1. Restricting the search to the range 185-208, which residues are assigned to a helix (DSSP H, G or I) and either touching a residue at least 40 places away in the same chain (Cβ under 8 Å) or in contact with a helix residue (DSSP H, G or I) (Cβ under 6 Å, 6 or more places away or on another chain) (or both)?
2. Residue pairs, Cβ under 7 Å, 6 or more apart or interchain, first in the range 214-232 and surrounded by fewer than 12 Cβ atoms within 10 Å (Cβ to Cβ), second modelled with pLDDT of 95 or more. List them.
3. Test residue 242 against the stated conditions and say whether it is assigned to a helix (DSSP H, G or I) and touching a residue at least 12 places away in the same chain (Cβ under 8 Å).
4. For residue 82, are the conditions met, namely being crowded, with 20+ Cβ neighbours inside 10 Å, assigned by TED's automatic domain parsing to the domain that holds residue 200 and modelled with pLDDT of 90 or more?
């Protein structure tokens, strides 16, 4: 069973036998009122707890630290193990919770297992007080068998070189940095176009920058694409641009896992 506030693009995931339940309740409905009273009295998300109990779940897996913290009381009441996966931003901020340090201490103490995508986030959790023995690295994988490899060749046609960016439009993804870099490159050559895939809070700011700098002729937004359409655009592009930075609130990508030759001593490589 999957619980979330809302679901999108379910046709992209082979989960036909899984039950999907929204945790959003219609405001001022009977369920909404019961949920509010129950949560105020017992600190339990009544709707979530009821659905988990009815599903006869044997484990709760929360994605992002805030969701792990929010479901702690339910985990305790139902006496179920809790696995929480951290992805990056949850190392630097815990939205909606006033005392982040206290919240994390409780989560680390009562949570059973914490999954991260690499060494950087693991060390971050440990530095925040999570017992190292509770943290395990779980790489984020992709289906390489579904992606056709085509060797890149020089663009010898009259078509402009295609630069491609794809990400959620938030500070750490570096869209504005990419636009500034493209603008600077335009000063020395003009035989390229820049395509942008995605959406997000910084979209209007990015579009304003493009308008102010007169970049409309060679910069275009493709919006949010399906995974296959994204792969098609990626295959057709000449250069993929993916800047990344630490945002002003400390949010990071979590850093990519280090290559094996940087993790192992040189003498052990052969």
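The values are calculated or read from the model by the stated rules, or taken from the named source; none is laboratory data. Because the structure is a prediction, the values reported are computed rather than measured. Cβ atoms come from the backbone with ideal geometry, glycine included; neighbour counts cover every protein chain shown.
1. 206
2. Listed by first residue and then by second, the contacts come to 216/210.
3. For residue 242, the condition - assigned to a helix (DSSP H, G or I) and touching a residue at least 12 places away in the same chain (Cβ under 8 Å) - is not met.
4. So residue 82 fails the test.
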